[in-house]
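Student: One structure, as structure tokens, below. Some questions next.
All of the numbers you see were taken from the coordinates with simple rules; none came from a lab. Not measured: the values here are computed from a predicted model. Cβ sites come from the backbone with ideal geometry, for glycine too, and all protein chains shown count toward neighbours.
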Amino acid sequence: MQQRLSIKDLEPNAYKGLLELEKYLAMSSLPVLTKELIKIRASQINGCAYCIELHTTAARKAGETEQRIYALSAWHESPLFTEEEKVLFAITDEITLISKRGLTDKTFEEAKKYFDDNTIAQIIMQVITINAWNRVAVSTHMFHQH
């Protein structure tokens, strides 16, 4: 597969906008592994090989185990994730698949048991941002050069 075009080169201001969201998220209170797990999960749903490779590598560097990375696609059934993490993945799934139902009241209320409003806002912004990156990467056929 060959990359179709480079938005970074053709429309640098648009790319800078996404990078500004990344700067905001880097300053957020979300733990690095939380951010990486959100990125991997959304990228699995969106079929973004580029982002899956990028964020599984980053998750490993941050201390995530291979077993949990492999189980992430089946988080509903996996005993490897805490209830808090499962709520995080439910938020990720529901926002990523927004046309199905969006973020449900049930999931939102469950999230409030584990996260304050600012943290929920940060989680939502992380999901939105990785979904934007997934769409850039998939639509332009971005790939890793090894």
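Student: Positive end of the charge dipole of the stretch 11-140 (Lys, Arg +1 and Asp, Glu -1 on Cβ, about the Cα centre): tell me which of THR92, SER78, THR104 has its Cα farthest that way.
Tutor: THR92
Student: What per residue convex hull volume, in Å³, do the alpha-carbon atoms of the chain yield?
Tutor: Once divided by residue count, the hull of the chain is 123 Å³.
Student: Please compare each pair in LYS35/LYS100; LYS8/LYS113; LYS23/LYS112; LYS8/LYS86; LYS61/LYS86; LYS23/LYS61 to a cut-off of 30 Å on the Cα-Cα distance and tell me which ones are over it.
Tutor: Values: LYS35/LYS100 23 Å; LYS8/LYS113 40 Å; LYS23/LYS112 25 Å; LYS8/LYS86 34 Å; LYS61/LYS86 22 Å; LYS23/LYS61 20 Å.
Correct reply: LYS8/LYS113; LYS8/LYS86.
Student: Once both axes come from the Cα atoms, what is the angle between helix 49-61 and the longest principal axis of the chain, in degrees from 0 to 90, rounded to 10?
Tutor: The two axes meet at around 60 degrees.
Student: Against the longest principal axis of the chain, how steep is helix 83-96, in degrees 0 to 90 to the nearest 10, with axes from Cα atoms?
Tutor: Around 40 degrees separate the two axes.
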